[in-house]
Amino acid sequence: MTGFAARLRKATMSEHRDAETRGFITRLMGGTVPRDGFAALTAQYLIIYRELEAAAAVMRDNPVAADFADPVLSRVAALESDLAHLYGPDWAARVEPVAATERYAARVREFCRTSPAHFVAHHYVRYLGDLSGGQLVGRKVAATYRLDLPGTAFYRFDQINDPKAYKTVYRARLDALDLPPADLDTLVDESQRAFTLNSAVFQDLGTAYPEDLVPVA
Ligand code: HEM
């Protein structure tokens, strides 16, 4: 890989490492986050993906970003059904943002509906992540909390049979982005920021849900 996709991956490598090694994520992968903490993570995602997918609805008419705003990626319905399973019928009342989620959602709301560079940056960090490490996280949490599809639908893309092939196409879209160099620089910067916003959410969740489970697997 030598194009923009490779540049983006390289430029965000250290932020990626920072996000994946946050205590909350390490504990999630070690099976020691209490179930309420996992439910709270799912709730944070709902707040974030509602903003991302509201931006995607606008960007479907944008010539630069339209291909990224692919409806097969949409996660809001899956998150709502997961939360109904995790929290029960009153789930909507229990969706509370931590402070970092408020900042993250505000950033997406402010920039991603009007700027294709910002939209693609936030889109890349979440959805390509969901199709990558997210697949490992999905298998782990399903085992930890003994959940089948209800509760972990967020991690499964029903309309994508081959995530690896989808990621190859996605990276080709990144390579083909029709943006001036200054906007590509903005996209790189905003992707770093998006990773940092994710890390901050994990940080807040780690504080709110200290370790208390004995690992089960
Ligand atoms: C347990 C935590 C995580 C693990 C084990 C993990 C693992 C991985 C791995 C193995 C890849 C490379 C996949 C490939 O090239 O096909 C990858 C890529 C990626 N991950 Fe993660 N990840 C984790 C957390 C995260 C988080 C929290 C985010 C963002 C919020 C994220 C965003 C990404 C993105 C955007 C890519 C694509 C990089 C690129 O090729 O341009 N990951 N991850």
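The values are calculated or read from the model by the stated rules, or taken from the named source; none is laboratory data. From a predicted model like this one, the values you see are computed outputs, not experimental measurements. Every residue, glycine as well, gets a Cβ built from its backbone with ideal geometry; the counts of neighbours run over all protein chains shown. Note: areas computed on protein heavy atoms with side chains; ligands, DNA, RNA excluded. Shrake-Rupley method; radii C 1.70, N 1.55, O 1.52, S 1.80 Å.
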Protein accessible area in the chain, 1.4 Å probe - carbon and sulfur % = 53
Once Val76 and Ser132 are pulled to full extension, the length gained, defined as 0.36 nm per residue separation minus their Cα-Cα distance, is 18.3 nm
Tilt, helix 133-144 to longest principal axis of the chain (alpha-carbon atoms), in degrees rounded to tens, equals 10
Based solely on its DSSP helices, what 222 nm [θ] is calculated for the chain when runs of n ≥ 4 H residues each add -39,500 (n - 2.57) and the sum is averaged over all residues, nearest 500 deg cm²/dmol?
-> -20000 deg cm²/dmol
Give me the accessible area per residue for the chain, probe 1.4 Å, as a whole number in Å².
-> 47
Dipole magnitude (debye, nearest 20) for the range 4-208, charges at Cβ of Lys, Arg, Asp, Glu = 580
Taking 0.36 nm per residue of separation between Thr26 and Arg60 and subtracting their Cα-Cα distance, the length gained on full extension comes to 8.7 nm
Taking the simple approach of a point 7 Å from Cα along Cα-to-Cβ for both Lys10 and Gln159, what is their distance in nm?
-> 3.5
Of the peptides 186-193, 198-205, 53-60, 16-23, how do they stack up when ordered by the mean number of other Cβ atoms within 10 Å, highest first?
-> 198-205, 186-193, 53-60, 16-23
Got the relative contact order for the chain handy, in percent, Cα pairs under 8 Å and 6 or more residues apart?
-> 40
Sorted by average packing, counted as other Cβ atoms within 10 angstrom per residue and highest first, what order do 79-85, 162-168, 44-50 take?
-> 44-50, 79-85, 162-168
In the chain, taking the dipole from +1 charges on Lys and Arg beta carbons and -1 charges on Asp and Glu beta carbons about the Cα centre, the listed residue (Ala143, Ala66, Asn198) farthest towards the positive end is Ala143
Compute the long axis of helix 35-59 from its Cα atoms, compare it with the longest principal axis of the Cα atoms of the chain, and write down the angle in degrees, 0 to 90, nearest 10.
-> 20
Taking Cα atoms, how many degrees apart are the long axis of helix 76-87 and the longest axis of the chain, rounded to 10 and kept between 0 and 90?
-> 10
Just tell me which aspartates and glutamates come within less than 17 Å, Cα to Cα, of Lys167; anything on the same chain fewer than 8 places away is out.
-> Asp67, Asp70, Asp130, Asp158, Asp175
Work out the P(r) tail for the range 102-179: percent of alpha carbon pairs separated by more than 18 Å, whole number.
-> 53
For the range 81-113 versus the range 13-80, the gap between their alpha-carbon centres in whole angstrom | 10
Can you tell me the Rg and Dmax of the range 4-208, counting just the alpha carbons, in angstroms?
-> 16.2, 49
